[in-house]
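Note sheet for the following structure.
The values are calculated or read from the model by the stated rules, or taken from the named source; none is laboratory data. Note that the structure is predicted; figures quoted are calculated from it, not measured. In this analysis, Cβ positions are derived from the backbone assuming ideal geometry, glycine residues included, and neighbour counts consider all displayed protein chains.
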Amino acid sequence: MYDIFLMNDRILSTILASAAVAFSACRPPALLPDAPPLTATTAADAERFVDSLAVAQRLPGFAVTAAVGNSVVWRHAVGFADVAMRSPAATTTQFRIGSVSKLLTATLLMRLAQTGQIELDAPIARYVNVPAPLARVTLRQLAGHLGGVRHYRGSEFLTNTHYDSLSAALSVFVNDSLLARPGTRYLYSSYGYNLLGVAIERASGLAFTRAMRRHVLEPLSLHETTEDDKHAAHPNRASPYMISGERVSPAPEDDLSGRWPSGGYLSTTDDLALFGRTVLAPGLLDRASLRTMLTPQRTAAGVSTQVGIGWRIGRDSTLGTYYHHGGTSNGGSAFLFVLPSRQLVIAMATNALAQLNERDAIELARRILRDGTFGRR
């Protein structure tokens, strides 16, 4: 679980010590051009499973999109985008995606590094004026949560403070002591990604949201993915809710202007499924960039963190290596799962703070793959 759940993150194992070798040993394939939709039997089974997740957590609305290669093979949505208006949720509904926004930022970072506009191993001080010892933390360390930067404290997750710039929002944490010497400990930090966002602005000469649109969203045709600006009109945006026991009520008002890079974006499951394909084959990012992004970083002691640049890397005993990231936000949650061996991408999103996780994504993947016709290499 992510965001506020990761303030008590589980101890990371080292099951992926060979992940970098596995990735480099196989050339990323071309995307499969045409995959058939799920059979009626498999689709019905997948729908029952997704519906059970929605019921178990009392989700107001829930959408899932599954793609194989270049094809969407299944879509399903249940519940409401707006409970009061009885507006149905859909895979085209814009949900708050929380920390899945970090994957967008990581992709933007790698794109700029690939084009020579930014350097992963440069200290953050090259781009942003910050105090020591934060000044010595590298962009690569920030992108892999190895910078020692703290995460949310107290009520910071629910802040309603508006910031006119990302750099102004750095004041919340930038003068705080590091929690560990850079490179020595994995410490999940949304603030580290906000700092990356400012570095991206300085390196690109563009406001973060403009850089994101120019270098990632527009090239990938992610037309329904955008920053969650509370002052902008988002007609397809789901109403955000909070769940307390049996009660579903509107989420408290907040402002995400200080966290676009770490948790401030809206997206649809259709867009997220399209975005997930970027790690399956060279395209926006070349082969070398993908290898860097999907190779687990290590601490100074040599311990794998299971995190590359943004993406988490896991391994299932039957499905093999997979990439994933989840996000929780006030009134929204999302999860993105990619199984490269079968070119399967699963995107899930809801309009409540929920517990979407890799366990459920793996189970859904198993049900989808029972058709036995997808993505065999």
Item to check | Meets criteria (closer than 28 Å to residue 251 by Cα, under 19 Å from the mean Cα position of the chain (by Cα) and either at pLDDT below 95 or among the small types (Gly, Ala, Ser) (or both)) for residue 144 | outcome: no
Checklist entry - Would you pick out the residues in the range 176-211 that are farther than 11 Å from residue 150 by Cβ and either hydroxyl-bearing (Ser, Thr, Tyr) or surrounded by fewer than 18 Cβ atoms within 10 Å (Cβ to Cβ) (or both)? => result 181, 184, 186, 193, 202, 204, 205, 206, 207, 209, 210
Next on the checklist: Please count how many residues of the range 88-99 are more than 17 Å from residue 213 (Cβ to Cβ) and buried (at least 24 other Cβ atoms within 10 Å of the Cβ).
Outcome noted: 6
Checklist entry - Out of the residues in the range 59-87 that are among the charged types (D, E, K, R) and either assigned to a loop (DSSP other than H, G, I, E, B) or under 20 Å from the mean Cα position of the chain (by Cα) (or both), which is surrounded by the most Cβ atoms within 10 Å (Cβ to Cβ)? => result 75
Checklist entry - Does the range 237-277 hold any residues that are basic (Lys, Arg) and within 25 Å of residue 169 (Cβ to Cβ), and which are they? => result 237, 259
Checklist entry - Which one of these is on the phi > 0 side of the Ramachandran plot, touching a residue at least 60 places away in the same chain (Cβ under 8 Å) and in contact with a helix residue (DSSP H, G or I) (Cβ under 7 Å, 6 or more places away or on another chain): 98, 69? => result 98
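Residues checked against (1) outside any loop (DSSP other than H, G, I, E, B); (2) of a type outside the set (Asp, Glu); (3) out of contact with any helix residue (DSSP H, G or I) (no Cβ under 9 Å at 6 or more places or on another chain):
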residue	(1), (2), (3)
196	yes, yes, no
199	yes, yes, no
203	yes, yes, no
206	no, yes, no
210	yes, yes, no
214	yes, yes, no
222	no, yes, no
233	no, yes, yes
Checklist entry - Exactly one of (1) modelled with pLDDT under 95; (2) surrounded by fewer than 16 Cβ atoms within 10 Å (Cβ to Cβ); (3) of a type outside the set (Asp, Glu) is unmet by residue 20. Its number? => result (2)
Checklist outcome for this item: Exception for residue 248 within (1) under 18 Å from residue 98 (Cα atoms); (2) out of contact with any helix residue (DSSP H, G or I) (no Cβ under 6 Å at 6 or more places or on another chain); (3) surrounded by 12 or more Cβ atoms within 10 Å (Cβ to Cβ); (4) touching a residue at least 40 places away in the same chain (Cβ under 8 Å) falls at (1)
Next on the checklist: So residue 161 passes all but one of these: (1) buried (at least 23 other Cβ atoms within 10 Å of the Cβ); (2) closer than 22 Å to residue 329 by Cα. Which condition number does it fail?
Outcome noted: (1)
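Against the definition (in contact (Cβ under 8 Å) with a residue 40 or more places away in the chain and either within 17 Å of residue 301 (Cα to Cα) or under 21 Å from the mean Cα position of the chain (by Cα) (or both)), how does residue 151 come out, yes or no? Full working, then the answer.
Details: in contact (Cβ under 8 Å) with a residue 40 or more places away in the chain: yes; either within 17 Å of residue 301 (Cα to Cα) or under 21 Å from the mean Cα position of the chain (by Cα) (or both): yes.
Taking the combined requirement at face value, the residue satisfies it.
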Checklist entry - Just a yes or no: is a residue in the range 102-111 touching a residue at least 24 places away in the same chain (Cβ under 8 Å), in contact with a Ser or Thr (Cβ under 6 Å, 6 or more places away or on another chain) and more than 30 Å from residue 288 (Cα to Cα)? => result no
Checklist entry - For the range 262-377, list the helices (runs of 4 or more DSSP H) that sit wholly inside it and hold at least 1 residues that are among the aromatic types (Phe, Trp, Tyr), under 13 Å from residue 103 (Cβ atoms) and in contact (Cβ under 8 Å) with a residue 60 or more places away in the chain; which are they? => result 269-276
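From the list 140, 58, exactly one residue is basic (Lys, Arg) and in contact with a strand residue (DSSP E or B) (Cβ under 8 Å, 6 or more places away or on another chain). Which is it?
Values: 140 fails: in contact with a strand residue (DSSP E or B) (Cβ under 8 Å, 6 or more places away or on another chain).
Just a single option satisfies the conditions, and that option is 58.
Please work out if residue 138 is out of contact with any Phe, Trp or Tyr (no Cβ under 9 Å at 6 or more places or on another chain), within 24 Å of residue 325 (Cα to Cα) and buried (at least 24 other Cβ atoms within 10 Å of the Cβ).
No: the conditions fail for residue 138.
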